[in-house]
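Here is the structure we will look at, set down as structure tokens.
Please treat every number below as a calculation from the coordinates, not as lab data. Note that the structure is a prediction, hence the values are computed from the model and not measured. All Cβ positions, even for glycine, are placed from backbone atoms using ideal geometry, and neighbour counts span all protein chains on display.
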Amino acid sequence: MPVKITILYDNRSDNCQLQEGWGFSALIEYDGCKILFDTGGDASAFASNADKMGICFDEITHLLFSHRHWDHIAGFKEIIDKVNDKTALYVPKTFSWFLRKKSSSHLKKIRVVKALEEITPNIYSLVLKGGFWLYEQALVLKTPEGLGIITGCAHPGIVRILKTAVQHFHEKIYFVLGGFHLLYNPAESIVQAVKEFQKLGVKHVAPCHCSGDHTIRQFQEAYGPNFHKIGTGTILSF
Ligand SMILES: [Zn+2]
Ligand SMILES: [Zn+2]
């Protein structure tokens with residue numbers, strides 16, 4: 001039962017037919033679920049990428065927004081009327097009240113997650129405080145090889161998110177994919193973050209979005225074949 005991840009929106013692109021831009025969106029297929037995690041920073045580019053990649057919004061079982069920032073919610077209006085009414089919406093606390101209200105006319109299940117919540121026995125939402133009046137949700141998958149963690153912007157701190165997941169599940173981390181938010185960090189703290197990943201036994205890494213080019217290079221050097229370069233259009237399995 002591998003995890004299949006399709007990157008629908010990222011700062012970089014893997015495919016010249018698709019549009020890149022500041023933001024993040026990924027479709028995660030695992031354990032019989034199709035989870036859309038974030039919707040990018042530009043609504044029409046998000047919709048066009050999803051269309052070109054043959055994504056059927058009607059088949060999405062869970063819709064998750066990592067946090068309320070514009071580069072993760074731009075496609076909200078594109079998606080909300082197109083998912084079926086059984087799609088469950090998961091948002092962290094401090095997510096836009098207006099968008100939650102908008103979804104309530106169409107979706108039957110809306111969950112505002114405050115800390116950790118089981119979505120299915122193998123899929124979890126982990127919410128941590130990421131700043132003043134800002135909470136962020138990461139997706140945690142339990143796989144036979146260890147935990148799979150997907151982050152949006154990692155405002156609570158990427159290492160803190162990983163440590164919290166390990167403390168809770170007592171399992172090694174198989175892969176981490178998404179924005180690591182180390183873009184403005186000094187070089188030493190990026191070296192430190194890579195060391196922390198290794199100490200935690202993280203097997204595979206796929207940093208993108210707000211990770212920063214320097215961070216991406218550092219992880220590439222440290223992880224070799226277990227580093228995955230990703231961008232809009234990447235499809236990968238773990
Ligand atoms: Zn953000
Ligand atoms: Zn972001």
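For the reader, a short list of remarks on this structure follows.
- Evaluating ILE73 against the criteria (1) without any contact (Cβ under 8 Å) to a residue 40 or more places away in the chain; (2) away from ligand 1 (no atom under 14 Å from the Cβ); (3) closer than 19 Å to PHE98 by Cα; (4) surrounded by 21 or more Cβ atoms within 10 Å (Cβ to Cβ) leaves one unmet condition, (2).
- ILE55 being surrounded by fewer than 22 Cβ atoms within 10 Å (Cβ to Cβ) and either free of Cβ contacts under 8 Å to residues at least 12 places away in the same chain or closer than 18 Å to GLY21 by Cβ (or both): yes
- Sole residue being more than 16 Å from ligand 1 (Cβ to nearest atom), buried (at least 18 other Cβ atoms within 10 Å of the Cβ) and among the polar types (S, T, N, Q), chosen from SER103, SER66: SER103
- Residue match in segment 117-125 (condition: touching a residue at least 40 places away in the same chain (Cβ under 8 Å), in contact with a Phe, Trp or Tyr (Cβ under 9 Å, 6 or more places away or on another chain), not in a strand (DSSP E or B) and not aromatic (Phe, Trp, Tyr)): yes
- Residues that are under 30 Å from GLU145 (Cα atoms), within 16 Å of ligand 2 (Cβ to nearest atom) and touching a Ser or Thr at 6+ places or on another chain (Cβ under 6 Å), drawn from segment 15-32: SER25
- For segment 83-100, the count of residues that are surrounded by fewer than 17 Cβ atoms within 10 Å (Cβ to Cβ) and hydroxyl-bearing (Ser, Thr, Tyr) is at least one.
- Answer residue from segment 33-52, given it is away from ligand 2 (no atom under 11 Å from the Cβ) and touching a residue at least 40 places away in the same chain (Cβ under 8 Å) and is nearest to the chain's Cα centre (by Cα) among those: PHE37
For every residue, the table says whether it meets (1) outside any strand (DSSP E or B); (2) within 16 Å of ligand 1 (Cβ to nearest atom).
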| residue | (1), (2) |
| --- | --- |
| TYR135 | no, yes |
| ALA138 | no, yes |
| LYS142 | no, no |
| LEU147 | no, no |
| ARG160 | yes, yes |
| THR164 | yes, no |
| HIS168 | yes, no |
| GLU171 | yes, no |
